[in-house]
Amino acid sequence: ILGITHVLNAAHGTGVYTGPGFYNGLNIQYMGIEVDDFPDMDISKHFRPAAEFLDEALLTYRGKRKRLNCSEMGISRSAVLVAAYLMIYHHMTILEALMTLRKKRAIYPNDGFLKQLRELNDLPKVKILLQLKRSRGV
């Protein structure tokens, strides 16, 4: 449908009724992230799985469309997940990742999510790469 191959739903389970069943028969890979957009919620546990999903989509299906959606206009949860992807796979700092996103659209991650991105930013790059390799079984 419209050339979309992957959907990363950053609002899975929060009243957005486009779960995996919505895409049955459409040859679309789906990943749902279930986390409410509140500062005390832990979105960091989704950084690596979401980044791996995005990286696989971007590498495997160049030129095809990907969709990242969120129930609240994509300004917090989805923005933070894309920022984490940029930090993990493109070795950007938190500032570089957020500025890259802000060049494309208005984003307003909540304070708790920003704190979790700062914690990712403070990890040594070597540690991030080792964790990524372990999660892939390399």
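The values are calculated or read from the model by the stated rules, or taken from the named source; none is laboratory data. Since this is a predicted model, take the numbers as computed values, not measurements. Reconstructed Cβ throughout: ideal geometry from the backbone, glycine too, with neighbour counts over all protein chains shown.
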**Asked** Within region 104-118, how many residues are at pLDDT 95 or above and either in a helix (DSSP H, G or I) or among the charged types (D, E, K, R) (or both)?
**Response** 8
**Request:** Identify the residue in region 20-34 that is among the aliphatic types (A, V, I, L, M) and assigned to a loop (DSSP other than H, G, I, E, B) and, among all such residues, is surrounded by the most Cβ atoms within 10 Å (Cβ to Cβ).
**Result:** 33
**Complete:** The condition of being touching a Lys or Arg at 6+ places or on another chain (Cβ under 9 Å) and at pLDDT below 90 holds, among 57, 79, 84, only for 57
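Yes/no per residue for (1) acidic (Asp, Glu); (2) outside any helix (DSSP H, G or I); (3) in contact with a Ser or Thr (Cβ under 7 Å, 6 or more places away or on another chain); (4) at pLDDT 80 or above:
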position	(1), (2), (3), (4)
18	no, yes, no, no
47	no, no, no, yes
53	no, no, no, yes
68	no, yes, yes, no
**Message:** Given the options 100, 93, name the one that is at pLDDT 95 or above, over 18 Å from residue 35 (Cβ atoms) and polar (S, T, N, Q).
**Reply:** 100
**Request:** Return only the number of the condition from (1) modelled with pLDDT of 95 or more; (2) over 16 Å from residue 10 (Cβ atoms) that residue 122 does not satisfy.
**Result:** (1)
